[in-house]
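To start, the structure itself, in structure tokens.
Readers should treat all values here as calculations from the given coordinates under stated rules, not as data from a laboratory. Quick caveat: nothing in here was measured; it's all calculated off a predicted structure. Quick reminder, even Gly has a Cβ in these numbers, built from the backbone with ideal geometry, and neighbours come from all protein chains shown.
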Amino acid sequence: MKSEQQYIELYNEVNQLIKQKSCEPMNAVRDAAFQVFRAQGFPTQKLERYKYTDVPTAFAPNYGISLNSAAINPSQYIYSISAAPIDIRPYYNKIADAADSITALNTALVHDGILVYVPKNENSDVPIQIDNHLSGNISTMLNRRLLIVLEQGAQATVIINDKGGVHPDDISFLTTQVVEVFCQPNSHLDLYEVEETDKSCSRFSNVYIRAERDSSVRHNSITLTNGLTRNLCDAYLVGENAQLTLNGCVIGSESQHIDNNTLIRHCAPQCQSDQLYKYVLDGHSVGAFAGKILVDKDAQKTTSQETNANLCASPTARMYSQPMLEIYADDVKCNHGSTVGVMDEAALFYMRQRGIPEAEARMLLKNAFMGGVIDQIPLRSLRDRLYVKIEKRFLGEYEKCEACRLCK
Amino acid sequence: MAEKNEYVKSVVKKEYEYGFTTDVHTEIIDKGLNEDVVRLISAKKGEPDWLLQFRLEAYRYWITQQQPSWAHVTLPPIDYQAISYYADPTARKKDGEQKEIDPELMKTFDKLGIPLEERLALSGTAVDAVMDSVSVKTTFKEKLSEKGIIFCSISEAVREYPELVRQYLGTVVPYRDNYFAALNSAVFSDGSFVYIPKNTRCPMELSTYFRINAMNTGQFERTLIVCDEGSYVSYLEGCTAPMRDENQLHAAIVEIVVLDNAEVKYSTVQNWYPGDSEGRGGVLNLVTKRGHLRGVNSKLSWTQVETGSAITWKYPSCVLSGDGSQAEFYSVAVTNNHQEADTGTKMIHIGKNTKSTIISKGISAGRSQNSYRGLVRVTKNADGARNYSSCDSLLLGNQCGAHTFPYMDVQNNTATVEHEATTSKINEDQLFYCNQRGISTEEAVGLIVNGYAKDVLNKLPMEFAVEAQKLLSVSLEGTVG
């Protein structure tokens, strides 16, 4: 219970201050969440869903807690939770897994968050972008909270961008993030998470999605550079004919650690889910993917597809893959596939024969491999941007993006 | 419709074919488990001190452990003190030395289709028949020994070939491996011991038939197969148990050692009593099976057809240490009524250019739960390792579940690991096609299932394949309608 202790003490010290800065709906669940965290502590690797990431060690350093609120550009659909235009009590902390220690810690420590709210039949034409810059002179812990509510027939695109900044070498950052997504009937959400931080950053993100009848949700999680990342995504398809796409791509090098853990629960009939995660691992990076598709007894006519393809490009990279199916209904079509392999020597040979240097040939192959995920992104500007970034990343000339439309 | 219901009813009522009990005098030691019981079992078998010490160490380790609960099954609480750990149906009331087998026992095995007289046996199969804790008879022993092959019960092997047994026992599955392996190591009774000398091709199939008969006992057999350089053996295992309302515990260990250029083929048709349609009774099948491919270019193939047992918890595994070694795992697991199976394999690639194949077919019906759980690990030095896994599940009925839990752990960039799985129900088009041609739905399902499982059934030795096919259709009868 070493790592936990400092957070328990921290909470006891600052909870009054947090409560003052926060709002009533958030305070209402705060103490209960803290009790859960205090009772459970951090999840250890003995827990099936945390098998591949050492959480207590990641939380062990002494971080200061940031109580700064997000700066929000006035826009039509984005608000701070404390100034929400709607009653958030039916949504806030309702689908987040209360038994998850990281969610509990986030709920206890977060003082404000961002609300994306699109009323009935409205469409936010412009993508809503949330940037998170990690820079400063002290090691900091950030607790981020995001609530996305799309009412019936609403549409939105949300981009969450995590970026590293300039900071001294001995400074590190830790982010916890809890995102709750409510998609009411016939709504449509595209949610992108792009991580471009550096090796001093740890990120624990828990995304919870609730998709109702005829809604469709697309979630893309893209990890370009990072330190330690653990992304959890739980999606519940609760209404008939809901559609879900969970895609992800990961580029790992040096000592990066990337762990994606997903659960798709089909609670209603005739829903469809697709999942595609691709990893390219170099250096001595560690990648993990665990995805479970759970089909309830009544969720007949489910179609579900899960694919995880991985490329280990160095002898010291390590990949764990765990695609799981748990199915209680009989009229379903569920597939999963997973591969871990090397680059196609025949394809490399073909290119070299035609005068393409080996390094470039390898880069082209890796690019094409990632293309499988990026091509599916409907937002053109983001897709183009990502292609450039991925290429730069593979070429090793990755810089913090300059003149990038997205980040400005 | 009425006719169909009649048929379904008759099938549902159909009893487990091997559910009879044998009335034979059986010497059963008192229930309970403690160090004295371990010593008693060891003394009854006249074991040397090193083996007693091995058992005691295992027992002392076992009591420090907790029963694992990670499998996707609902294991009823097991009272380890309510089980008798040794039952000997061959013990006569008074005289010590026994010459002939009790005719009742002979009859039992005849009824099970395992004749113990060599002239009656199918040529080409040598049988070791084990009832409860004791091996009743091993056939064709003499003929095999001409070639230097040792095939006998493990107790006999401990007496006759102590050095061989000591060299290999517990080296593949150490007693600290898991909870049930520790329990087995402490109280194991008969199983088979096979040793194939160098450059020998075993001229016949070796087979062991396990039967649980006595009440409130468990079977804890231990099998050890050693295949020396350049040799080949095909080994079959079959098992049945009487119908009882209580659960019976079966916690076995199978260890296989494969040396340079040797090949072992291990086939199982598991048909322990699965419990009745309400889920009462049945065997709890909690076994540890593992092969160690120590030699270069060695080969091991596991083939299993799992139709019985209330709970199956079984992962026949391979450790591929030898360079160029190859391992295969073929499995068909059928669950019906309230059966629960959590089965699969582990392939641990250590040597270079090792290859493994996993083909698993799960079929669930009734209210059963059927899970595949497998691990493929490629360690750092396993250059050029190759694995292909394919796990398909077929769902018959809307009350059952089919699950797949594969784990892949790759630490080498020259390895290629592939996994794919599908879950679906029987294709309506296929059924319709059969119906159209005058094949009843029941029969059509049988045909389709057999076709579906063909990849695995083809890997079984002839006699077994026929039996397995029959079993498959019997296990699934009454699931359509």
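Of note:
- Lysine pairs with alpha-carbon atoms under 29 Å apart, the stretch A:251-408, spacing 8 or more or separate chains: 22
- Cβ-based exposure ranking for B:259, B:75, in which fewest neighbours within 10 Å come first: B:75, B:259
- Long pairs among B:143/B:265; B:137/B:198; B:45/B:147; B:141/B:299; B:198/B:299; B:299/B:355, criterion Cα-Cα beyond 18 Å: B:143/B:265; B:137/B:198; B:45/B:147; B:141/B:299
- Look at the alpha carbon pairs under 8 Å that are at least 6 residues apart: their mean separation over the length of chain B gives a relative contact order of 10 percent.
- Percent of Cα-Cα distances greater than 32 Å, calculated over the stretch B:22-476: 36
- What you get for the protein assembly as shown, charging only the Cβ of Lys and Arg (+1) and of Asp and Glu (-1), is a dipole of about 960 debye around the Cα centre.
- Positive-pole candidate from A:328, A:246, A:84, dipole of the stretch A:2-342, charges at beta carbon: A:328
- Look at B:202, A:271 and count the other Cβ atoms within 10 Å of each Cβ; fewest to most, that gives B:202, A:271.
- Working from Cα pairs under 8 Å separated by at least six residues, relative contact order for the stretch B:303-422 is 24 percent.
- Cα-projected label distance for residue A:344 with residue B:177, points at 7 Å along beta-carbon direction, nm: 4.1
- Counting only whole DSSP H helices of chain B, the ones at least 15 Å long by C-alpha along their axis and with mean Kyte-Doolittle hydropathy no lower than 0.0 are B:441-457, B:462-476.
- Per-residue HN-Hα couplings for the stretch A:275-290 [Karplus 6.51, -1.76, 1.60; θ = phi - 60°; Hz; x = Gly/Pro]: 9, 9, 10, 10, 10, 10, 10, 10, x, 10, 6, 10, x, 9, 9, 10
- Candidates A:308, A:105, A:263 compared by Cα position along the dipole of the stretch A:2-342: farthest toward the positive end lies A:105, with charges placed on Cβ.
- Eigen-decomposition of the gyration tensor built on the alpha-carbon atoms of the stretch A:60-110 gives equivalent ellipsoid semi-axes of 24, 18, 7 angstrom, largest listed first.
- Exposed loop sites are taken as GluC sites (Glu not before Pro) in a DSSP loop (any state but H, G, I, E or B) with at most 14 other beta carbon atoms within 10 Å; the longest stretch of chain B without one runs B:279-481.
- Choice from A:266, A:284, A:219 with maximal GNM fluctuation in chain A (Cα, 10 Å cutoff): A:284
- Inter-centroid distance (Cα atoms) of the stretch A:211-225 relative to the stretch B:155-179, Å: 54
- Overall form of the stretch B:102-204 per C-alpha gyration tensor (a/c, 1.5; a/b vs b/c): oblate
- Of the trypsin sites (Lys or Arg not before Pro) in the stretch B:282-386, the ones in a loop by DSSP (not H, G, I, E or B) with at most 15 other beta carbons within 10 Å are B:380.
- Extension gain from residue B:40 to residue B:430, taking 0.36 nm per residue of separation minus the Cα-Cα distance: 134.5 nm
- For the stretch B:49-93, chymotrypsin sites (Phe, Trp or Tyr not before Pro) meeting the loop criterion (DSSP other than H, G, I, E, B) and having at most 14 other Cβ atoms within 10 Å: B:70.
- Prolate/oblate/rounded label for the stretch B:352-443 (Cα gyration tensor, a/c 1.5): prolate
- Residue A:8-residue A:314 FRET efficiency (beta carbon distance; Förster radius 45 Å; 0.05 resolution): 0.65
- Relative contact order [Cα under 8 Å, 6+ residues apart], the stretch A:2-342, whole percent: 11
- Under a Gaussian network description of chain A, with springs only between Cα atoms under 10 Å, the residue in A:331, A:125, A:112 that fluctuates furthest is A:125.
- Theoretical ellipticity at 222 nm over chain B - DSSP helices of four or more residues, -39500 (n - 2.57) apiece, nearest 500: -7000 deg cm²/dmol
- Each Lys and Arg adds +1 at its Cβ and each Asp and Glu adds -1 at its Cβ; summed about the Cα centre, chain A shows a dipole of about 120 debye.
- Along principal axes, Cα extents of the stretch A:2-342, largest first, whole Å: 54, 53, 39
- Anisotropy class of the stretch A:1-78 from Cα gyration tensor, a/c 1.5 cut: prolate
- The GNM of chain A, with springs linking C-alpha atoms under 10 angstrom apart, assigns the highest mean-square fluctuation among A:192, A:387, A:208 to A:387.
- Separation between Cα centres of the stretch B:351-411 and the stretch A:272-314, rounded to whole Å: 15
- Note on the stretch A:155-206 and the stretch A:76-139: Cα centroid distance 11 Å, given to the nearest whole angstrom.
- In the stretch B:390-459, the trypsin sites (Lys or Arg not before Pro) that fall in loop regions by DSSP, at most 10 other Cβ within 10 Å: B:437
- Simple Cβ-charge dipole of the stretch A:27-91, Lys/Arg +1 and Asp/Glu -1, about Cα centre, in debye nearest 20: 160
- Placing unit charges on each Cβ (+1 for Lys and Arg, -1 for Asp and Glu) gives chain B a dipole about its Cα centre, and among B:72, B:379, B:461 the Cα reaching farthest toward its positive end belongs to B:379.
- Per-selection metrics, the protein assembly as shown (Cα): Rg and Dmax in Å: 30.4, 98
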